[in-house]
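Okay, so here's the structure we're looking at.
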Amino acid sequence: MKFSSAAVALLLAASALSASAAVPQAAIQPAAIGGHFLDRGAQIATAGYTDREFWISGLARTYRASSTLRSDGKWSAYVYSTSTPYNTPLIVRRPTDPAKFNGIVIVEWLNVSSGYVLDVDWAMSKEEFLRQGYAYVGLTNQKVGLDGSKEKNPSRYGAGNLPNDDISYDILSQTAKAVRDQSGVLLGGLVPTKVFATGHSQSALRLTTYVNAIHPLERVIDGFVLHGRGNSGIKLSSNDLRGVPSSTVIRSDSQQPVFQLQSEMDVDSQSDTSKAVDSSKIRYWEVAGASHSDQYMLNGLYSVSTRPPATCEKPASRMPFYRAQNAAYSHLVKWATQGVLPPTAPRIKRSTLLGRIQRDTHGNALGGLRLPEIDVPIATYGIDNSTTGSTAFLDLFACITSGSTTPFIASKLLSLYPTHAAYFDAYKLAADRALAAGYLLPADHARALEEARSAAIPR
């Protein structure tokens, strides 16, 4: 029997609606206390937080595209299969005191670019999470990440099972559902009001696909933060004949808020992300002077790593991107719970002819979201670096993506800021502007002023 293309499309649409009517219920089991990969229990105990590991398991679904995936992000998908068994770990960090919990759970799609899982967004925004009382779930939902955990600790993670990455999208949905439906186990009885998903770099690529294709079907997540995403997303499944376009925006009809954060380095290499259009459900920030990774991020990741720090040609970027990221999470909460729109931010300036980033006399980028460090500079914040030590992939990658900080020489500092008071006064004005614009939170504004007040400027 032959079917017209219109009939096939209707059948696929009906299949999608019926198969995704309810996200499958996963099983949750506590893991042995302590000793898990990325265990930060000792780091957060003084803040009144616990760090526990659980196992999530079940049958995962895979998806395929039901039409051509277009650059406008309005992707349609359907459930292709429903019976892939999986078993993978979750990290849960939460306040021990229920009164401290702010009701928000952040689920991070753990980054696997290194060959094992990294809690990048935790490393960047841990201060905000701890001071505001967020609960956090770190999800291992990609095969290479689980394999890396098995390599590090085969006795603990040997029972893990992720046969492929095609099921990664559904495991995120099942995790969000479990956070709500099984909070008595996962969160020690804390009751979430909102569940957000976040991810950096490669994880942000996959979240782009999730937001555009999977979320419209499942709707189990209340908001998203995509940090350092590429121009497009990732295929829905490895065997899907429909590939993703070379670039795509977040779909304009998103029903939940989506915050996109890009560093200057991200914008330089993935310039099509600048096509994003701010709306009632979409925000897009480009942070001038920032890098894909930076010294603050690396410090946070190295604090739980057995790998020695990479040796780079230049010091990594010290632009405090994490403060803008903290502000993004804070705005997302108000956006999703109260309907308060976050502030917009200007784009980094580019030349008309070749689209190159325009720079001031110090070599720093013009335009973009401007933290006080770039408006009152004491260094050039570059997006170029390389390794001078090990040329192993992880060390090379760490150096190349961390950007650079080239401090001004003493005579230049003296010419810019004849006295420390001149420097501090200028810095405070810039910090006050960032606070008023919503790019700095009050706590980070206060910390920034403390650092500026104690800085040895001029030298």
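Being in contact with a Phe, Trp or Tyr (Cβ under 6 Å, 6 or more places away or on another chain), over 24 Å from Gly189 (Cβ atoms) and either modelled with pLDDT of 95 or more or not basic (Lys, Arg) (or both) is true for just one of Ala16, Ala21. Which residue is that? Can you show your working first?
Numbers: Ala21 fails: in contact with a Phe, Trp or Tyr (Cβ under 6 Å, 6 or more places away or on another chain).
Exactly one of Ala16, Ala21 is in contact with a Phe, Trp or Tyr (Cβ under 6 Å, 6 or more places away or on another chain), over 24 Å from Gly189 (Cβ atoms) and either modelled with pLDDT of 95 or more or not basic (Lys, Arg) (or both), namely Ala16.
If I filter the stretch 75-89 for residues that are among the aromatic types (Phe, Trp, Tyr), over 21 Å from Gln25 (Cα atoms), in contact with a Ser or Thr (Cβ under 6 Å, 6 or more places away or on another chain) and not in a loop (DSSP other than H, G, I, E, B), do I get at least one hit?
If we filter the stretch 75-89 for residues that are among the aromatic types (Phe, Trp, Tyr), which is where we start, we get 75, 78, 80, 86.
Filter once more, keeping what is over 21 Å from Gln25 (Cα atoms): 75.
Still in the running and in contact with a Ser or Thr (Cβ under 6 Å, 6 or more places away or on another chain): none.
Within the stretch 75-89, none of the residues are among the aromatic types (Phe, Trp, Tyr), over 21 Å from Gln25 (Cα atoms), in contact with a Ser or Thr (Cβ under 6 Å, 6 or more places away or on another chain) and not in a loop (DSSP other than H, G, I, E, B).
Which condition does Gly389 not pass, out of (1) in contact with a strand residue (DSSP E or B) (Cβ under 9 Å, 6 or more places away or on another chain); (2) within 27 Å of Ala327 (Cβ to Cβ); (3) part of a loop (DSSP other than H, G, I, E, B), if it passes all the others?
So the condition that Gly389 fails would be (2).
Is it true that some residue in the stretch 114-134 is open to solvent by 10 Å² or more (accessible area, probe 1.4 Å), without any contact (Cβ under 8 Å) to a residue 60 or more places away in the chain and in contact with a Ser or Thr (Cβ under 7 Å, 6 or more places away or on another chain)?
So far as the stretch 114-134 goes, no, none of its residues is open to solvent by 10 Å² or more (accessible area, probe 1.4 Å), without any contact (Cβ under 8 Å) to a residue 60 or more places away in the chain and in contact with a Ser or Thr (Cβ under 7 Å, 6 or more places away or on another chain).
Looking at the stretch 396-459, what helices (runs of 4 or more DSSP H) fall wholly within it and have at least 3 residues that are modelled with pLDDT of 95 or more and within 16 Å of Arg323 (Cβ to Cβ)? Spell out how you get there, then give the answer.
Details: elements: 410-416, 420-437, 442-454.
Output list reads 420-437, 442-454.
Being under 24 Å from Asp222 (Cβ atoms), crowded, with 20+ Cβ neighbours inside 10 Å and either in contact (Cβ under 8 Å) with a residue 24 or more places away in the chain or touching a Gly at 6+ places or on another chain (Cβ under 9 Å) (or both) is the requirement here; does Gln142 meet it?
Details: under 24 Å from Asp222 (Cβ atoms): yes; crowded, with 20+ Cβ neighbours inside 10 Å: yes; either in contact (Cβ under 8 Å) with a residue 24 or more places away in the chain or touching a Gly at 6+ places or on another chain (Cβ under 9 Å) (or both): yes.
Yes.
For the stretch 429-436, state whether one or more residues are acidic (Asp, Glu) and closer than 25 Å to Asn385 by Cβ. Give the steps one after another, and end with the answer.
Start the filter on the stretch 429-436 by keeping residues that are acidic (Asp, Glu), which leaves 432.
Pick out the ones that are also closer than 25 Å to Asn385 by Cβ and you get none.
The answer is no, given that none of the residues of the stretch 429-436 is acidic (Asp, Glu) and closer than 25 Å to Asn385 by Cβ.
What number goes with the only condition from (1) open to solvent by 50 Å² or more (accessible area, probe 1.4 Å); (2) more than 15 Å from Gly289 (Cβ to Cβ); (3) of a type outside the set (Lys, Arg); (4) in contact (Cβ under 8 Å) with a residue 24 or more places away in the chain that Ala398 does not pass?
Failing condition for Ala398: (1).
Out of Ala65, Ala45, which single residue is among the aliphatic types (A, V, I, L, M) and in contact (Cβ under 8 Å) with a residue 40 or more places away in the chain? Show your work before the answer.
On the way: Ala45 fails: in contact (Cβ under 8 Å) with a residue 40 or more places away in the chain.
Exactly one of Ala65, Ala45 is among the aliphatic types (A, V, I, L, M) and in contact (Cβ under 8 Å) with a residue 40 or more places away in the chain, namely Ala65.
Does Glu313 satisfy the condition of being among the acidic types (Asp, Glu), open to solvent by 20 Å² or more (accessible area, probe 1.4 Å) and in contact (Cβ under 8 Å) with a residue 40 or more places away in the chain?
Considered against the rule, which asks whether it is among the acidic types (Asp, Glu), open to solvent by 20 Å² or more (accessible area, probe 1.4 Å) and in contact (Cβ under 8 Å) with a residue 40 or more places away in the chain, Glu313 comes out as yes.
Select, from Ile348, Ile357, Ile282, the only residue that is over 18 Å from Gly382 (Cβ atoms), buried (at least 17 other Cβ atoms within 10 Å of the Cβ) and either over 15 Å from the mean Cα position of the chain (by Cα) or charged (D, E, K, R) (or both).
Of the residues listed, the single one that is over 18 Å from Gly382 (Cβ atoms), buried (at least 17 other Cβ atoms within 10 Å of the Cβ) and either over 15 Å from the mean Cα position of the chain (by Cα) or charged (D, E, K, R) (or both) is Ile282.
Being open to solvent by less than 70 Å² (accessible area, probe 1.4 Å), in a loop (DSSP other than H, G, I, E, B) and in contact (Cβ under 8 Å) with a residue 40 or more places away in the chain is the filter here, so list the residues in the stretch 333-343 that pass it.
Pro342, Pro343
For the stretch 145-188, give me each residue that is of a type in the set (Gly, Ala, Ser), touching a residue at least 12 places away in the same chain (Cβ under 8 Å) and assigned to a helix (DSSP H, G or I). Can you show your working first?
Taking the stretch 145-188 and keeping what is of a type in the set (Gly, Ala, Ser), we get 145, 148-149, 155, 158-160, 168, 173, 176, 178, 183-184, 188.
Checking which are touching a residue at least 12 places away in the same chain (Cβ under 8 Å) leaves us with 145, 148-149, 159-160, 168, 173, 176, 178, 188.
The answer is Gly145, Gly148, Ser149, Ser168, Ser173, Ala176, Ala178.
Out of the stretch 363-402, which residues are within 20 Å of the chain's Cα centre (by Cα), among the hydrophobic types (A, V, I, L, M, F, W, C) and within 19 Å of Tyr302 (Cβ to Cβ)?
First pass over the stretch 363-402, keeping only residues within 20 Å of the chain's Cα centre (by Cα): 368-371, 383, 394, 397-402.
Among the residues that remain, those that are also among the hydrophobic types (A, V, I, L, M, F, W, C) are: 369, 371, 383, 394, 397-400.
Those that are within 20 Å of the chain's Cα centre (by Cα), among the hydrophobic types (A, V, I, L, M, F, W, C) and within 19 Å of Tyr302 (Cβ to Cβ): Leu394, Phe397, Ala398, Cys399, Ile400.
Are any residues in the stretch 433-442 open to solvent by 50 Å² or more (accessible area, probe 1.4 Å) and in contact (Cβ under 8 Å) with a residue 12 or more places away in the chain, and if so, which ones?
Here is the first cut: in the stretch 433-442, the residues open to solvent by 50 Å² or more (accessible area, probe 1.4 Å) are 433, 435-436, 442.
Matches in the stretch 433-442: Arg433 only.
Select from the stretch 380-395 the residues that are crowded, with 22+ Cβ neighbours inside 10 Å and of a type outside the set (S, T, N, Q) and write down the one among them that is farthest from Val120 (Cα to Cα). Lay out the reasoning, then the answer.
In the first step, residues of the stretch 380-395 are kept if they are crowded, with 22+ Cβ neighbours inside 10 Å; the result is 381, 383, 385.
Filter again for of a type outside the set (S, T, N, Q), leaving 381, 383.
Details: Tyr381: 21, Ile383: 19 Å.
Going through the qualifying residues, I end up with Tyr381.
Quick check on the stretch 288-310: of everything there that is over 15 Å from the mean Cα position of the chain (by Cα) and crowded, with 22+ Cβ neighbours inside 10 Å, which residue is nearest to Pro407 (Cα to Cα)? Break it down into steps so the answer makes sense when it comes.
Of the residues in the stretch 288-310, the ones over 15 Å from the mean Cα position of the chain (by Cα) are 288-289, 295, 299, 302-310.
Filter again for crowded, with 22+ Cβ neighbours inside 10 Å, leaving 288-289, 310.
Working: Ala288: 17, Gly289: 13, Ala310: 20 Å.
If we take residues in the stretch 288-310 being over 15 Å from the mean Cα position of the chain (by Cα) and crowded, with 22+ Cβ neighbours inside 10 Å, then Gly289 is nearest to Pro407 (Cα to Cα).
Take the residues in the stretch 22-70 that are of a type in the set (A, V, I, L, M) and part of a strand (DSSP E or B); name whichever of them is most open to solvent (accessible area, probe 1.4 Å). Spell out the reasoning first.
From the stretch 22-70, those of a type in the set (A, V, I, L, M) are 22-23, 26-28, 31-33, 38, 42, 44-45, 47, 56, 59-60, 65, 69; that's our starting set.
Then keep just the ones that are part of a strand (DSSP E or B); that gives 27-28, 56, 59-60, 65.
Numbers: Ala27: 47, Ile28: 15, Ile56: 0, Leu59: 93, Ala60: 0, Ala65: 7 Å².
Selected residue: Leu59.
The values are calculated or read from the model by the stated rules, or taken from the named source; none is laboratory data. Source: prediction; values computed, not measured. For neighbour counting, all protein chains shown are included, and Cβ atoms are generated from backbone atoms with ideal geometry for every residue, glycine included. With ligands, DNA and RNA removed, areas are computed over all heavy atoms of the protein, side chains included. Shrake-Rupley method; radii C 1.70, N 1.55, O 1.52, S 1.80 Å.
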